[in-house]
Structures are given as C-alpha cells and as structure tokens.
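Taking it in order: structure first as structure tokens, then the write-up.
The values are calculated or read from the model by the stated rules, or taken from the named source; none is laboratory data. Note that this is a predicted model, so its numbers are computed, not measured. Please note: Cβ atoms are built from the backbone with ideal geometry, for glycine as well, and neighbour counts cover all protein chains shown.
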C-alpha cells in the first residue's frame, strides 16, 4: 500500500508518498480500502507536531471512506463489502487515513447510506459530527437566537451555519475574503463580516440591539479569541474548538468576570464521541440532515493522494473554501 507519511515534524515538505506494510487485521479491526480521504485542519497540526503523532514515521489523516475488504477475529459491527467511513480522534484512534487503505477499529466504522457518494462521505463525518455536538450538546442552539460562527465558509462552519439556519437561528458568519463571504451568505449566514474588520465586536452588537450573542463558535484560535469574547452578551459562552491561527495565549480568568461573567469551553472531538453508541447516534443525526438536504456538503477541492502536500499548502494559504478531499490512485 502507498501512504503519505512524515518522518519528522514540519511543513508540507516533510510529507512522503511511500510504500508501507500493513499486515492483516488484528482482533476487532477491519481493513478498509479507501475510495476518498477527507482533509482537516487538524492534519496540518499533526504534520507540524502541534498535535503530536504516536510515533514517527507515521501516516497523516483522520478521515476517509471506503470498502471493508477484510475483518479480524470477533468483528461483528461490519462485514466484507460494506461501504463505511470513519473519523479518527483522541489517543485511541490515531491518524493514518492518507493511504490507499488502513486497519481501523471496526466499532468506530460508520455505515454509508447508498444515497451518499464516497467523496461526500469522506468529507462528511469529522466536520458533521463536530458541528452536531457543538450545536446540540456543547451549546444547544434555540430558534430565535443569534450566534457568531468563525471560518463560516470552511467545512465545519458551513455545516453549522446551514443547520443552525434550518433550526431558526440567525447566523453571523466571519470569513476571510469576499469570495468566502458569498459562499457563507449562500449557506445559512444572514450576516457576514470579514475577519480583517477591526470592529467586529461592535458590528455584532449593532446586529443584536447592543447586547451581543449568547455563543460564539471559534475554530481560529489566537487571532480571534479576544474579539470573540467581546461579541458575547453577559453570561455568554465562548466555544473554542480549533486553533488554525495558533494556540490561544494564557487567559486571566477575571477577564471573563469583567466582560460579563462569561464562560469558555474547549470542545474536543474525542470527548463527544467516546463510544460506538454515541458515535452512531450523532452520525445518524448528521446523515439525516444531509439526506433531507438541510445541509449541503461542499467539496470544493480534490487532489490525488500523492499530492497531499499540495492540499496542505492550499489550506495554509487560506484560499480553500468548503471541504478538501484526496483521491487514492
């Protein structure tokens, strides 16, 4: 099998397309031959070492769709020939999807309905599950509310905006360009602000009668954290679930008091899909909104697997929109 691995941490120049030996599925595992592979910002963090890999060399990637070609002893969740997808996350489910195929715990495989094609499925579950737990569990949004969503033209941002709008929530999206603003407006955002605008908190307050919003969903991190806090109403919640611009610096907790007794949470994927029961419950919700066309998955960039480094460079340039997928040869 071919895989994209790194032997040392760094930028895309560290990525190598090379042969790997996979062996046979161990008890509880299935071998999935990949048909499409999702790319997420966390993959860049893995490559850079901000999210360390279990060992080096190691394949990158946390998401893919494909066909079960072999199963290990004791596997009952899937059978050979099943179309499945998966989203890795947490210490028990390491990256490794940038490959023609891989072994993966069978209990973490999600069946793909026939109505969803492989490319869509590869881009669906990491972003969709993240959006689901953010708006259903971390902060259960309610009709009539107004929320702020950063990176609103990205994979998770588009998912949240469309779903929230369907639920009767007014979405203020923050994006990095006019092109991304058009995408956000077409996908659930009633108002769109450019991230270059230094007056975002005041603009948010002008859209909310001076009060602010009850929640901000922020995947950007360092560059937006402070202004996100200033968008919140008293006792509002800042949901930090990513750090594309870098890690958030240390925070004086009494700043939250001064700004209105605010709350901050960091909502990590692994803690919201800890077992198969919760994984499938959330996945069913995600599949439902996609099948009902409440949420459209925008796969705007596709690259051959061997060109994964080009995909990373495109994401680093902040020019990508929607989701990015790799196609194995």
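Looking at the stretch 238-271, which of the residues that are closer than 16 Å to residue 141 by Cβ and in a loop (DSSP other than H, G, I, E, B) is modelled with the lowest pLDDT?
267
Among the residues of the stretch 77-88, is there at least one that is part of a loop (DSSP other than H, G, I, E, B), modelled with pLDDT under 95 and under 21 Å from the mean Cα position of the chain (by Cα)?
Yes, because at least one residue in the stretch 77-88 is part of a loop (DSSP other than H, G, I, E, B), modelled with pLDDT under 95 and under 21 Å from the mean Cα position of the chain (by Cα).
Take residue 38 and decide whether it is assigned by TED's automatic domain parsing to the domain that holds residue 310, farther than 22 Å from residue 325 by Cα and in contact with a helix residue (DSSP H, G or I) (Cβ under 9 Å, 6 or more places away or on another chain).
So residue 38 fails the test.
Which residue out of 53, 44 is in a loop (DSSP other than H, G, I, E, B) and crowded, with 16+ Cβ neighbours inside 10 Å?
After applying the criteria, what remains is 53.
Looking at residue 216, is it surrounded by 16 or more Cβ atoms within 10 Å (Cβ to Cβ), closer than 19 Å to residue 154 by Cα and touching a helix residue (DSSP H, G or I) at 6+ places or on another chain (Cβ under 7 Å)?
yes
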